[in-house]
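Accompanying notes for the structure given below.
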Amino acid sequence: MSRTKPYSRTIPHPLFERLIVEDAMNEEKDSWKPERLHEYGYFPGCVDFMDVEVKFTHLNKGDADHASIAAASIKLLNYADIDPLILDMNIFKCSGHDQLWQGQLEVFDALKEHNMRRLKESGVKIITCSCAECYRTFAVDYDLPGTLGIKVEHITQTLQGRGLKFKAPENVKVAYHDPCRLGRMMGEYEAPRDLIQLVDGATMVELENNKERALCCGVSSMMYCNDATKAVRRKRLDQGTDAGIDLMLGGCPKCYMHMQCMLNEERMNPDEGHHHDYEMMDLMQFLVACLEEKN
Amino acid sequence: MTEIDKNFMTTYAKVATYDGDDEPIQIWAKDSDSYGGVGTDKLGIWGSVVAVDFDICVADGACIEACPVDVYDWIDTPNHPASDKKAIMTREPDCIICRACEEVCPVTAVLITDPADIGSTDVVAEVNEDKPAEAIVEMQTPVVAEATSLFFKKPNKWLIAAKEVLAKEELPTTGIEKAKSMFKDLRKKTLDSLPRGKNYQALVDNEKCIGCTQCVYFCNFASIDMISWDLKARTSQFESKKALILEDTCTGCTLCVFACPVEAITMEARV
């Protein structure tokens, strides 16, 4: 098959991937300097690109809103008295996780080079990500602690142990879905669970497969979405129904995106007989909904 | 009058214009008495490619939310019985004819017309004779109505709660403007290189189609179906399903070509 587009075979969201590749190939040579120095930098990832694509493909017939994960994270960081530098997409580029895992190494290298240069210019000491994939990419593939001496944290680790208090508006039974990048790859299972324990009124249950044995959302690094990967996702969602939960919480925007997509698809085609009577949300969105006003 | 008049360009008269960002916005009304100007209760239809019947618009903002290229803005229209503000198509030339706004409007006040069709005299004649426009609406309505009611009946109350908390203060955005403008550029580039309009239809090359269903999601007219093939019909790719374009409802909008990751869809002239 002849191919004229320089994009690899990324099926689930070709436009989303295309935008990131276009962005990567636009070389920016100008230097940049933040207005003042911050200790923390917050990296939102590609949530806005997801939003643009998902809105256009009618996949947000529910109310999927990925940008609210970034907004929620900023709000929670402020609540924990952290003033982060927002490493937004106007200055930075996608971390390149998907491109690396799909084998588009030249795209990944272009993204990495740009981001490393910008991180050096930003002068942050600690970088925190609300996305498990960005977290893994920065910590392992960029090796930021080794090369630039920047500590990389997932936002749950940043918020952990800061004496935060949350109160759920009503009693709710939640389960935490371990993202593969945060759990199996980076070995972080406790920080998100500790945060959920802080929420007054939320009961946490474990799904049948949890922690290192957690099931995948099925579309790891946006490689492919077909009947087989959907079966993996449905199995995971069925475990939620078995546990009788009201909300499934994830630590990665991609988990939220894929699970919510499947829930929406099921609700769009009720004749097919699959139904899960709960919602998927990102942990940050849930925590913001349970935020108590500071006195 | 419950929805926008589909033939307004021939049955209505041009009564005034209003300043848009790039080009003036045309205002249409049945006759000069049916238009009273901003601040009265007679507003007529605004816009040509992106036409909104301001007498029907209830200002729920669905079109503003749906538009991927930011065509709409709010305009204050005091003293109007339906609502005191309206969605105005300030950046009408930016419209990429995706018809997302047309689909989401709860009161059917929006009508998108392909610029290629404007001014051609047979548009109206064709609508009257063969009723293609009505056919599209009939095919589409059950699907849309079901999906919409389903989702708006059961919104995620937790997400709504989260958004309420987030709306209390202004938080920095993280690059939505850049994402939107890049998306717009990409769409424009694709549009410029493709023939489109009612004389064209999309065609799938089964050898190339990998059954990823992206085109199905992009199509606004429910005119793409996935059909299963027996195993012998499989190509070298993994999927046994292929996209099938339904000729009757395909409007030649090129969205599926834009979506296809393997360039399996092309625009062909209708025979």
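The values are calculated or read from the model by the stated rules, or taken from the named source; none is laboratory data. This one's a predicted model, so the numbers in the text were calculated from it and none came from an experiment. Reconstructed Cβ throughout: ideal geometry from the backbone, glycine too, with neighbour counts over all protein chains shown. Note: accessible area is taken over every heavy atom of the protein model, side chains too, but ligands, DNA and RNA are not part of it. Shrake-Rupley method; radii C 1.70, N 1.55, O 1.52, S 1.80 Å.
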- [ ] With a point put 7 Å past each Cα toward its Cβ, work out how far A:ASP277 is from B:LYS168 in nm, to one decimal.
- [x] 3.2 nm
Open item on the list: Restricting everything to alpha-carbon atoms, can you work out Rg to Rh for the range A:99-179 with a Kirkwood hydrodynamic radius?
Closed with: 1.09
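What is the local net charge at A:LYS165, summed over the other residues whose Cβ is closer than 9 Å to its Cβ (Lys, Arg +1; Asp, Glu -1)? Present the calculation step by step, with values, prior to reporting the outcome.
Details: positive: A:LYS167; negative: A:ASP200, A:GLU292.
Once positives and negatives cancel, what remains is -1.
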TODO: Using 0.36 nm per residue of separation minus the Cα-Cα distance, give me the extension gain between A:LYS173 and A:ASP83 in nm, one decimal.
DONE: 29.2 nm
Open item on the list: Charges on Cβ only, +1 for Lys and Arg, -1 for Asp and Glu, centred on the Cα centroid of the range B:16-104; of B:ASN79, B:CYS95, B:PRO24, which one is farthest towards the dipole's positive end?
Closed with: B:ASN79
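What's the average, rounded to a whole number, of partner chain beta-carbon atoms within 10 Å of each residue's beta-carbon in A:43-56? Could the numbers behind the result be given before it?
Numbers: counts 1, 4, 2, 3, 4, 8, 7, 1, 4, 10, 4, 1, 7, 14.
The per-residue average across the peptide is 5.
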TODO: Could you work out how far apart the two model spin labels at B:ASP205 and B:LEU186 are, taking each label as a point 7 Å from the Cα in the direction of the beta carbon, and quote it in nm?
DONE: 2.1 nm
Task: Cα lying deepest toward the dipole's positive end in the range B:175-223, options B:PRO195, B:CYS212, B:ALA179, charges on Cβ - done: B:ALA179
Task: Rounded, prolate or oblate (a/c below 1.5 giving rounded, otherwise prolate when a/b exceeds b/c) for the range A:144-255 by Cα gyration tensor - done: oblate
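Please give the peptides A:130-142, A:161-173 ranked by average Cβ packing (other Cβ atoms within 10 Å per residue), highest first, as a rough proxy for protection.
On the way: A:130-142: 25.5, A:161-173: 13.7.
Order by mean packing, descending: A:130-142, A:161-173.
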TODO: Using R₀ = 45 Å, calculate the FRET efficiency as 1/(1 + (r/R₀)^6) where r is the Cβ-Cβ separation of A:THR241 and A:ARG162; round to 0.05.
DONE: 0.85
TODO: Set the Förster distance to 25 Å, then compute FRET efficiency between B:ASN79 and B:GLU23 from the Cβ-Cβ distance, nearest 0.05.
DONE: 0.35
- [ ] Find, to one decimal place in angstroms, the Kirkwood hydrodynamic radius of the protein assembly as shown, where the mean of 1/r is taken over every pair of different Cα atoms and then inverted.
- [x] 25.3 Å
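Within 10 Å of each Cβ in B:207-219, how many Cβ atoms from other chains are there, averaged over the peptide? List each step's numbers first, then the result.
Working: counts 1, 3, 0, 5, 3, 8, 4, 7, 1, 2, 8, 5, 2.
Mean partner-chain Cβ count within 10 Å for B:207-219: 4.
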Task: Packing rank of A:251-260, A:189-198, where each peptide gets the mean count of other beta carbons within 10 Å, highest leading - done: A:251-260, A:189-198
- [ ] Can you bin chain A into rounded, prolate or oblate? Criterion: square roots of the alpha carbon gyration tensor eigenvalues sorted a ≥ b ≥ c, rounded for a/c under 1.5, prolate for a/b above b/c, oblate for the rest.
- [x] oblate
TODO: Would you work out which of A:LEU119, A:ASN171, A:PRO84 lies farthest towards the positive end of the dipole of chain A, given +1 charges on the beta-carbon of Lys and Arg and -1 on that of Asp and Glu, about the Cα centre?
DONE: A:LEU119
Task: Computed label-point distance, nm, for sites B:THR108 and B:ALA269 using a 7 Å Cα→Cβ extension - done: 3.5 nm
Open item on the list: So for the range A:144-295, averaging the separation of alpha carbon pairs under 8 Å that are six or more residues apart and normalising by length, what relative contact order in percent results?
Closed with: 27 percent
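Can you figure out the FRET efficiency of A:ARG234 with A:GLU121, using R₀ = 51 Å and their beta-carbon distance, to the nearest 0.05?
Values: r = 45 Å, r/R0 = 0.88.
It comes to 0.70.
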Task: the range A:138-190: C-alpha gyration tensor shape, a/c 1.5 cut-off, then a/b vs b/c - done: oblate
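Checking the table A:LYS167/B:LYS163; A:LYS75/B:LYS157; A:LYS254/B:LYS180; B:LYS6/B:LYS42; A:LYS33/B:LYS184 against a 25 Å threshold on Cα-Cα, which pairs fail? Provide the component values of the computation, followed by the final result.
Values: A:LYS167/B:LYS163 16 Å; A:LYS75/B:LYS157 19 Å; A:LYS254/B:LYS180 20 Å; B:LYS6/B:LYS42 19 Å; A:LYS33/B:LYS184 28 Å.
As for pairs spanning more than 25 Å Cα to Cα, those are A:LYS33/B:LYS184.
If you count only protein heavy atoms with a 1.4 Å probe, what accessible area per residue comes out for chain A, rounded to a whole Å²? Provide the component values of the computation, followed by the final result.
Details: 11070 Å² over 295 residues.
That works out to 38 Å² per residue.
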Open item on the list: Need one number: buried accessible surface between chains B and A, 1.4 Å probe, both sides summed, DNA, RNA and ligands left out, in Å² to 100.
Closed with: 5500 Å²
